[in-house]
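One structure is given here, and the rest of the page talks about it.
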Amino acid sequence: MTMPRFHLAFPVTDLEAARAFYTEVLGARVARSADRWIDFDFWGHQLSAHLVDTIADSATNPVDGEHVPARHFGVILPPEQWRGLASRVASSGATFLIEPQVRFEGKVGEQSTFFMRDPSGNALEFKAFASDSQVFASDS
């Protein structure tokens, strides 16, 4: 079965900074663009960066001892790809919002995760599970 692709549109305050970040730091590919938006191929999914004047969203939620941005998006990668991306981000000089770590260690849903912000302040989470069976697993 082919998995459906998701589409997510999000605001950015600097289109060229977004282009550089998503392509050079994260390795996404520009698929289409216009004067005020860019569609990125984000691991086979369509992300659309839309140019706006301001972005304001600072709400967080406590998750396993970290203050996780309530509004965020990202991708679940295989562990090897996740480690490679974490290394690539660290090498790029980009700043982690939440450093690479294992969350829920030894529990149902254990995952490797890190957070960062793009140049417009959008929060991104990248995670990996040792087994796909853990993605939606619950201990209740």
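Readers should treat all values here as calculations from the given coordinates under stated rules, not as data from a laboratory. Not measured: the values here are computed from a predicted model. All Cβ positions, even for glycine, are placed from backbone atoms using ideal geometry, and neighbour counts span all protein chains on display.
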Expected unfolding gain across N61-K107 under the 0.36 nm per residue rule, minus the alpha-carbon gap, is 14.6 nm
Here the relative contact order (percent) of segment 18-72, from C-alpha pairs under 8 Å and at least 6 apart, is 19 percent
Helix 79-92 sits off the longest principal axis of the Cα atoms of the chain, rounded to the nearest 10 on a 0 to 90 degree scale, by 50 degrees
Pseudo-spin-label distance S138 to D14, built 7 Å along Cα→Cβ, given in nm, is 4.2 nm
Answer in debye to the nearest 20: the dipole magnitude of segment 7-134 about its Cα centre, from +1 Lys/Arg and -1 Asp/Glu charges placed on Cβ, is 140 debye
The residues W82, W43, sorted from fewest to most surrounding Cβ atoms within 10 Å, come out as W43, W82
Percent antiparallel among DSSP beta bridges confined to the chain, nearest 5, equals 70 percent
Under the helix-only model (-39500 (n - 2.57) for each DSSP H run of 4 or more, divided by the residues of the chain), the mean residue ellipticity at 222 nm, to 500 deg cm²/dmol, is -4000 deg cm²/dmol
Net charge (Lys, Arg +1; Asp, Glu -1) of residues whose beta-carbon lies under 10 Å from that of A31, A31 excluded, is 0
Per-residue Cβ contact counts at 10 Å, fewest first, order M3, M116 as M3, M116
Options (1) 15.4, 48; (2) 14.4, 48; (3) 14.7, 41 for Rg and Dmax of the Cα atoms in Å; the value derived from the coordinates is listed as (1)
Once both label points are put 7 Å beyond Cα along the C-beta direction, the Q81-R29 separation in nm becomes 1.3 nm
Taking 51-62, 18-29 and ranking on average Cβ neighbours within 10 Å, highest first, one gets 18-29, 51-62
